[in-house]
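In what follows, a structure is listed as structure tokens, so that the remarks can point back to it.
Each reported figure results from applying straightforward, stated rules to the coordinates on display, with no laboratory input. This one's a predicted model, so the numbers in the text were calculated from it and none came from an experiment. All Cβ positions, even for glycine, are placed from backbone atoms using ideal geometry, and neighbour counts span all protein chains on display.
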Amino acid sequence: MRDKLEKALMNNDKPTATTLTMNALEQGFDIVTFYEEILAGILNDIDCAEDDFNCIWLEHQMTWITRGLIEMSYPYVLKKQTKLKKNKHALVVCPKDETHDLGALIGANLLTMHGFETTVLGANTPLKTIESALSNLHVDYLVISVSNAYHLFEVQKILLRLDTAFPEVVILGSGRGFTQNAHRFKSVRAIINSNDDIIAFIKKEGL
């Protein structure tokens, strides 16, 4: 499936990409494998230099179609949904200037599958917006997704503010930016980059 889907994405063939995905999921293709090995595998193979504009527009084209595939897969997430021992709410955000949010969307779907109530604010979320959401929603976990390590300075500002204003909210990190710099953020409870990471965190927290 991966080769056919990758070809469709690269050729801007949304109808074929949609049909491939729908048929696979209807036939019981594992949703975690679809997210982590198929979609993530395809997108992670793209590594554009800042001035490689041919690569960049191709990545944007593929991302646009992939976003639709993730949304389309949501009913299959619900089919596999389990329950936690207690209701827990996870708020998923990408900090200011972080525009890559597909990983956050996939992560939110996986959290939903494991029984979390999830709210997604998506890409480029300013600190004041995060604070407003935390003030108006009952949030147990804030998941900050960072793909580009350049945006970790903004993460540090978020952590400094939230440690004081919302000490009851548990902070989780996600994305390559966190993976490569986890040692810099002592107030981050855990890094969750995969379904296995989420399962391990649930067990560790006794959820």
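Structure values in brief
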| item | result |
| --- | --- |
| Partner lysines for residue 14 [C-alpha distance under 17 Å; skip if fewer than 8 residues away on the same chain] | 4 |
| Three-way shape label, segment 139-207, alpha-carbon gyration tensor, a/c 1.5 | oblate |
| Full-stretch length increase - residue 164, residue 52 - with 0.36 nm per residue and alpha-carbon distance subtracted | 36.1 nm |
| Hz values of 3J(HN,Hα) by residue in segment 153-166 - Karplus curve (6.51, -1.76, 1.60), Gly and Pro given as x | 4, 5, 4, 4, 5, 4, 5, 4, 6, 6, 4, 8, 7, 9 |
| Integer Hz, Karplus 6.51/-1.76/1.60 couplings in order for segment 49-54, x for Gly and Pro | 6, 4, 9, 8, 5, 5 |
| Estimated inter-spin distance, residue 61 and residue 138, nm [label 7 Å along Cα→Cβ] | 4.8 |
| Within segment 2-78: Cβ-based charge dipole about Cα centre, in debye rounded to nearest 20 (Lys, Arg +1; Asp, Glu -1) | 400 |
| Qualifying lysines (Cα of each under 29 Å from Cα of residue 85; at least 8 residues distant if same chain) | 186, 203, 204 |
| Size of electric dipole in the chain: Cβ of Lys, Arg +1 and of Asp, Glu -1, about Cα centre, debye, nearest 20 | 900 |
| Partnerless cysteines, meaning none of the other Cys C-beta atoms lie under 4.7 Å away, in the chain | 94 |
| Built amide H within the under 5 Å cut-off of residue 96, gap 5+ | 125, 127 |
| Helix-only CD estimate at 222 nm, as mean residue ellipticity for the chain, using -39500 (n - 2.57) per DSSP H run (n ≥ 4) | -15000 deg cm²/dmol |
| Rounded, prolate or oblate (a/c below 1.5 giving rounded, otherwise prolate when a/b exceeds b/c) for segment 89-205 by Cα gyration tensor | rounded |
| Unit charges at the beta carbon, dipole of the chain: most positive-side option, 150, 32, 16 | 32 |
| Contact order normalised by residue count of the chain, Cα under 8 Å, 6+ apart, percent | 17 |
